[in-house]
Amino acid sequence: MTRLAVGDTAPDFTLTTSDGGSLSLAGLREGAERGVVVYFYPAAMTPGCTKEACDFRDSLDALQGAGYAVVGISPDEPARLASFVERDGLTFPLASDPEHEVLEAYGAWGEKRNYGRTSVGVIRSTVVVGADGTVELAQYNVKATGHVARLRTKLGLDA
């Protein structure tokens, strides 16, 4: 499995969003002065993914104020993402990747261990793509709880 590293060119993508529209990495980059936080999560409306999404929601003003756009990507269908957005008042786009193409391109799909069992699926990950389209930060196998706070610190938002 290939993982992205700092300095790599981030693969562009266009995906369907929770509202049935579409978004692209290029489009998100155009609207963000410093770049895009792309985070990958296993499944909408599960406890860990809800915690992480709500943390991003609660930190969105700080991230946007610093020039970052945020997008969450999972293999969930758009209708499930729409329910997630509505249930938890999420204020950033969620995108659907049911074929795992973007997940695989970013190294966020593969073998993982959870509670001693090995399975294949989404590896909870976050990649920060700079305004120039290169990877500024790539984190894999992150823990949902506290992840956004650690990310904010790495991006210098809580200095």
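Okay, here's what the table says:
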quantity	calculated
Rounded to the nearest 20 debye, dipole of the range 42-159 from Cβ charges on Lys, Arg, Asp, Glu	560
Cα shape, the range 1-67, gyration tensor, a/c 1.5 rule	rounded
Low-density loop cleavage sites - chymotrypsin sites (Phe, Trp or Tyr not before Pro) in the range 68-134, where at most 15 other Cβ are within 10 Å (DSSP)	Tyr115
Calculated Rg/Rh (Cα atoms, Kirkwood Rh) (choose from (1) 0.93; (2) 1.04; (3) 1.29), label	(1)
Relative contact order %, the range 1-91, counting alpha carbon pairs below 8 Å whose residues are six or more apart	33
Length gained when the stretch Arg113-Gln64 is fully extended (0.36 nm per residue, less Cα-Cα span)	14.3 nm
Cleavage-rule hits, GluC sites (Glu not before Pro), the range 53-106, DSSP coil, Cβ neighbours within 10 Å at most 14	Glu99
Mean Cα-pair separation over length for the chain, i.e. relative contact order, pairs under 8 Å, 6 or more apart, %	31
Average accessible area per residue (Å²) across the chain - probe 1.4 Å, nucleic acids and ligands excluded	47
Where Asp97, Asp158, Asp12, Asp88 fall by accessible area, highest first, once all protein chains stay in place (1.4 Å)	Asp12, Asp158, Asp88, Asp97
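The values are calculated or read from the model by the stated rules, or taken from the named source; none is laboratory data. The structure displayed is predicted, hence computed values, not measured ones. Here the Cβ is made from the backbone with ideal geometry for all residues, glycine too, and neighbour counts use every protein chain on show. Note: accessible area is taken over every heavy atom of the protein model, side chains too, but ligands, DNA and RNA are not part of it. Shrake-Rupley method; radii C 1.70, N 1.55, O 1.52, S 1.80 Å.
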